[in-house]
Each structure stands twice: as structure tokens, then as C-alpha cells.
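Single-structure report; data block below.
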Amino acid sequence: MSKVFSVTGGTALRCKGWRQEGLLRLLENVLAVGENPSELIVYAALGKAARDWASHDRIVETLRTMEEDETLIVQSGKPIGLMKTHAAAPVVVMANCNMVGQWAKAENFYDWEKRGLICWGGLTAGDWQYIGSQGVIQGTYEIFMRIAERHFGGSLSGRFVLTAGLGGMGGAQPLAGRLAGAAILCVEIDEARIRKRLDIGFLDAVAPDLDAALAMIREAQAAGRALSVGLCANAADVYPEIVARGIVPDVVTDQTSAHDLLYGYIPAGYTLDQVRAMRGSDPQALMAASRGSIVRHVGAMLAMRRAGAVAFDNGNLIRTQAKEGGVADAFDIPIFTEAFLRPLFARAIGPFRWIALSNDPADIAAIDDFILERFPDNRIVTNWIGLARKHVPFEGLPARIAWLGHGERTELGLAVNRMVREGRLAGPVAFTRDHLDAGAMAHPNIMTERMRDGSDAIADWPLLNAMLNCSSQADLVAIHSGGGGYSGYMTSAGVTLVADGSEAADRRLRLTLDNDTALGVMRYADAGYEESFEEVEAKGLGYFDLRPARG
Ligand code: NAD
């Protein structure tokens with residue numbers, strides 16, 4: 001019998017408290033909005049919500065029956081046991097896909113995964129924080145806007161953006177591009193993914209072939225009209241063809257699952273069915289074909305860059321794969337974090353999220369109103385809330401994302417907890433954030449590339465972050481490392497809190513949200529970023545500045 005994946009709303013508890021109930025609803029939510037829930041896959045090709053269905057079912061049963069003074073231990077998506085702790089301890093702690101350094105390789109991961117020993121949680125899949133494509137939409141929009149400000153006089157109106165990949169995260173690109181005013185062409189090999197993004201309103205139109213797609217883009221550019229167009233084709237064919245025709249997009253990037261040569265990227269010349277079959281029958285040949293296609297794909301991006309396009313890597317390891325395939329200059333393409341977002345991360349301003357556990361969109365609307373009233377001078381946030389209200393449909397439980405920094409997150413968390421307590425919302429609200437946040441991630445080819453002090457690959461920060469968040473009484477804390485093609489490339493930490501209106505939640509929110517962002521500021525201060533020192537001083541953070549005296 002096939003399973004039905006839906007979310008639960010309302011105020012009826014199935015668990016012994018809202019902390020457990022909130023986490024259970026978030027687990028249901030990541031499957032309801034995930035890419036392939038029948039295989040527990042949420043996004044990024046292999047990012048799973050639990051190791052297998054037996055693990056999933058035991059997690060659900062445990063959340064339903066556990067007491068508040070117990071802590072569930074999850075190891076790579078499998079529940080291991082229930083520990084007696086205390087009411088201020090996390091409800092769930094997780095360690096997902098952490099492999100010992102010299103062993104952290106894709107081939108070991110695939111072998112251990114096949115033997116049922118490990119699974120990859122992505123960033124927000126294994127710890128039940130994923131909220132659908134909108135989770136990255138503001139980040140993608142902010143990147144486009146920084147490009148617009150730096151290169152095109154503040155708007156992408158009349159500009160041609162070329163990208164690929166309309167999966168769980170990449171599916172945010174057409175909407176983010178349209179919101180930034182662009183004519184954006186999104187190449188995607190899987191028709192079903194295109195349909196999904198059309199149905200939810202993230203994508204405006206589909207072109208039958210490249211000629212038609214380019215004509216639609218040209219027309220929108222000429223009219224200065226924002227438009228997103230999907231094209232069902234392989235990016236490793238389309239990008240070189242665009243170069244061959246002498247067409248130069250204004251902006252070029254990519255968000256296929258290039259990080260994984262076996263389960264993510266689809267090489268040119270193969271159908272989806274052929275690729276699925278080859279995963280079992282001839283994985284080496286499939287990986288070689290993926291690598292060959294990525295070499296051509298990135299080669300075309302580099303050619304566009306030389307011809308004047310603004311090119312950037314949107315966090316999918318495509319440059320790394322190309323370099324290993326012999327493209328010596330792949331890293332001429334900058335990474336989005338360093339190129340556009342580092343000044344925000346240096347102040348610990350990053351992708352904060354909240355989710356209405358009641359499943360009532362009115363709760364998100366009330367929180368939007370609060371933010372607009374409380375942070376009128378925060379242009380990034382007020383602009384975003386205005387756009388999101390109008391253009392970003394909810395997927396699964398109603399949720400919102402906004403880039404907020406130290407102090408702002410705490411203020412919002414406490415205000416929402418008060419609104420829950422006073423009955424002004426229909427139910428409790430969960431708070432979380434992306435792992436791609438100031439103090440929470442070491443990822444030398446994405447988040448921490450070219451850190452000012454060279455500390456790119458030092459993974460102490462996310463580990464400290466997770467320990468600090470446990471000490472700060474968060475409800476769920478997770479340490480993740482890369483799996484599949486990301487094996488050995490990253491370590492990160494996730495955190496979730498349930499604002500159930502209680503005074504205990506006030507304490508948990510204050511401690512965790514303050515400490516989480518304070519550590520983020522300190523991580524960047526320690527790497528020598530001026531913005532962080534300003535933040536340390538302005539907000540009175542207790543950072544020990546051990547730099548030799550200057551002057
Ligand atoms: P996904 O697996 O859900 O989707 C990837 C899509 O790419 C699929 O729809 C697939 O059909 C398509 N695709 C694969 N090869 C293709 C090709 N050659 N031509 C055209 N289409 C092709 O993955 P996702 O969740 O959308 O994530 C995409 C990538 O972005 C991953 O590498 C992920 O790790 C990365 N990511 C980056 C950020 C960020 O902050 N920038 C955030 C999340 C994910």
C-alpha cells in the first residue's frame with residue numbers, strides 16, 4: 001500500500017508535550033514537501049529524513065510516547081535509544097553521516113549506505129528542518145540582487161540569467177530570478193521536476209526547445225519583463241550550444257546536483273531510466289560520464305564568463321568536480337558566499353526560519369506584521385517580507401524565512417512565544433535556520449572558501465556550535481557531515497526550537513538564539529572580519545580578542 005504524506009495541524013497533541021509534537025510535525029513536513037518521500041528522500045539527490053522505514057517508524061513512535069525529561073539519540077537517521085536526561089535537555093540529539101577524516105570518501109559512503117550503516121541527512125533533511133524550495137529562495141534572491149547592484153545598476157530587469165536544476169533547492173531559482181526582475185532560463189533534465197515547479201507557481205512557462213526558449217527570453221528582455229522559462233534538456237548540451245551560438249547571458253550559474261556523480265548529476269546523452277539502471281550495473285562508467293559532462297558544462301560557464309557574463313557557483317561543488325576532471329581554471333568562477341554574502345555572515349545575519357505548527361497561514365501573516373512593525377529600518381527583511389507575502393506560496397506547513405542577525409532572532413523568538421502564550425496565534429511555532437549560517441558550517445568549497453585567515457577547512461566551529469546549542473537548552477541539535485559526493489567536504493550543525501508559549505520556552509529561545517548567533521559573529525571575528533568586530537562592540541559580545549595589538 002502506498003503511503004500518504006501529509007502534514008498535521010491544529011492543537012490536538014499526539015505526544016506528551018509540544019516540544020515532541022512540534023518535532024514530529026516537522027518530520028512529517030519534510031516528507032510532505034520532499035522530492036521522493038516514498039524513499040525518504042527530501043532533497044539534494046540523497047538527503048534523507050531517516051535511515052529506513054523501520055527507523056522512521058520507531059522515531060515517530062518514540063516522539064509520541066517519550067517524556068519531557070528524556071532525550072532521543074539518532075545516529076545517521078536511525079534511532080539508537082532513549083536516555084533519561086532532564087526537562088531542560090534537548091528532546092533529540094543527532095549525529096548524521098560523520099565519517100573519520102581519511103575514510104570520508106564517496107565510495108565508502110555508497111558502500112556503507114548500501115549495507116544500511118549510514119545515511120546522509122543533507123543539511124535540513126535528516127534533522128527535519130526543510131521547508132521546501134522557499135528555504136533557499138531569499139538567499140538566491142539576495143545573491144541576484146547583489147549582482148544587480150554591483151553590475152547592472154540595481155535591477156536585473158532586461159537581463160538574461162541562465163541556470164540549470166529545478167530540484168528541491170534549485171527549484172527556488174526561477175521565482176528568485178523573477179522577483180529580481182530577470183528573464184531567467186532554467187534547464188532541467190527531468191520533466192516531472194519542471195511540472196512540480198510550474199504547479200506551485202515558482203516557474204512561469206515551459207519552452208518546447210532551445211530556439212523557443214531563447215526567443216521567449218529575448219522578448220521578455222526587450223520588454224523589461226520578468227519571466228522564468230523552463231527547458232527540458234541536459235545543461236551539458238545546452239550551455240555549450242549557447243556558447244556556440246555566440247549568445248552571452250548576463251548571469252550564469254547552475255544548481256544541478258553536480259556534487260554527486262552517481263545519484264545526482266545526469267550526464268548528457270543518457271535518459272533518466274538509463275542512469276537509474278547504471279547506478280547498479282555500472283557505477284564507474286556512470287560517474288565517468290557525469291564527470292565528462294560536468295567538464296563541458298563548466299567549460300561553457302567559463303567561456304561565458306570570459307565573454308562578459310557574471311558567473312558564480314551556487315553551492316553544488318560543480319567547480320570541484322570539473323577541476324578533478326582536468327578543468328584547471330574552474331575556480332576562476334567565484335563561490336556565492338564569498339562573492340556576495342560574506343559581509344552578512346560576518347555579522348551573523350543568515351537564513352532564519354519559522355514554521356506554523358498549527359498549519360494556519362494566519363499565524364505567519366501575524367508574524368509578518370510584527371516584523372514589519374518592529375524592524376522598519378531593516379531593508380533586507382522588510383523588502384523580503386513584502387515580496388514573500390505576495391509571491392511565495394507555502395509548501396507544507398506555512399513557513400517563512402528571513403535573514404536576521406544577532407539580537408533580532410532572539411527578539412522575534414521571544415515575541416512569537418508571547419503571542420502563542422496570549423492566544424494570539426492558532427498554535428506553537430518552530431524556529432530553525434539553515435546549516436549554512438555563520439557559526440554552523442565548515443565547507444571549504446562553499447561556505448568557508450577563502451576565509452581571511454585561511455581557516456576554511458577547520459571544523460571545530462560547527463562542533464562547538466552544536467555543543468553550545470545543547471548547553472543552551474535547544475529542542476533538537478544535529479551535527480551533519482557530507483555524504484555521497486559531499487563526503488569529506490563539509491561539517492555543519494543544525495538547531496530547532498519550539499515556541500510553545502511557556503516560560504521554559506522563553507529561556508530556551510533566549511539562550512539558544514543569542515548564543516547561536518554570538519558564536520557566528522565570533523567565528524568571523526576570529527578570522528579577522530572588520531564587520532564582526534563592529535558587531536562584537538555594538539552588541540557587547542564576550543569575544544576574547546587575542547590579536548596582537550595594532551598600530
Ligand atoms: P535535487 O537533487 O533535488 O535536484 C537537482 C536537479 O538537477 C534534479 O531535478 C535533476 O534532474 C537536475 N539535473 C541533474 N543533472 C542535470 C543536467 N545535467 N542537466 C539538467 N538538469 C540536471 O537537488 P537540490 O536540492 O535542488 O540541490 C541542487 C544542488 O544545490 C545540490 O548540489 C545541493 O547540495 C546544492 N545546494 C545549494 C544550496 C545553497 O545554499 N546554495 C542550498 C541547498 C542545496
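Points to keep in mind about this one:
- Modelled spin labels at Ser455 and Ser6, positioned 7 Å past Cα toward Cβ, are 4.9 nm from each other.
- Across the chain, the mean sequence separation of Cα contacts (distance under 8 Å, 6 or more residues apart), normalised by length, yields a relative contact order of 16 percent.
- Calculated from backbone phi, Karplus (6.51, -1.76, 1.60) coupling profile of segment 340-354 in Hz, x at Gly/Pro: 10, 10, 4, x, 6, 4, 4, 9, 6, 8, x, x, 8, 9, 9
- Here Ala288 and Asp52 are evaluated by their C-beta separation; at R0 = 41 Å the FRET efficiency comes out at 0.85.
- Cα gyration tensor, segment 420-551 - rounded (a/c under 1.5), prolate or oblate: oblate
- Rounded if a/c under 1.5, otherwise prolate or oblate - segment 134-334, Cα gyration tensor axes: prolate
- For Asp313, residues with placed amide H under 5 Å, excluding near neighbours: Ile335, Phe336
- Accessible area (Å², 1.4 Å probe, nearest 10) - Cys186: 0
- Beta bridges by DSSP in segment 25-139, antiparallel share as percent, to the nearest 5: 70
- Relative contact order computed over segment 299-349 (Cα-Cα under 8 Å; 6+ residues apart), in percent: 35
- Taking the DSSP beta bridges with both ends in the chain, the antiparallel portion is around 55 percent.
- Scalar couplings 3J(HN,Hα) for segment 232-240, obtained by applying the Karplus form with A = 6.51, B = -1.76, C = 1.60 to θ = phi - 60°, are 7, 6, 8, 4, 6, 8, 6, 4, x Hz; x denotes Gly and Pro.
- Within the accessible area of segment 134-334 (1.4 Å probe), percent carbon and sulfur: 50
- Scanning residues 5 or more positions from His480 or on other chains, those with amide H under 5 Å from its amide H are Asn96, Ser492, Ala493, Gly494, with H placed 1.01 Å from N in the peptide plane.
- Remark: the Ala212-Asp332 segment gains 40.1 nm on full extension, using 0.36 nm per residue and subtracting the alpha carbon distance.
- Residues in the chain average 36 Å² of solvent-accessible surface per residue, probe 1.4 Å, ligands and nucleic acids excluded.
- Virtual spin-label span in nm between Arg245 and Leu13, 7 Å along Cα→Cβ: 6.0
- Pair-distance profile P(r), taking every C-alpha pair of the chain, with 10 angstrom steps and integer %: 4, 19, 30, 28, 15, 4, 0, 0
- Estimated [θ] at 222 nm from DSSP helical runs (n ≥ 4, -39500 (n - 2.57)) normalised by residues in the chain, nearest 500: -13000 deg cm²/dmol
- Gap separating the Cα centres of segment 1-73 and segment 495-524, nearest whole Å: 23
- Computed from Cα positions, the angle between helix 503-526 and the longest principal axis of the chain comes to roughly 50 degrees.
- Between Arg418 and Leu82, full extension at 0.36 nm per residue minus the direct alpha carbon distance yields a gain of 117.9 nm.
The values are calculated or read from the model by the stated rules, or taken from the named source; none is laboratory data. Being a predicted model, the structure only gives us computed values, none of them experimental. Cβ coordinates were reconstructed from backbone atoms using ideal geometry, including for glycine residues, and neighbour counts include every protein chain displayed. What goes into the accessible areas is simple: the full protein's heavy atoms, side chains included, and nothing from ligands, DNA or RNA. Shrake-Rupley method; radii C 1.70, N 1.55, O 1.52, S 1.80 Å.
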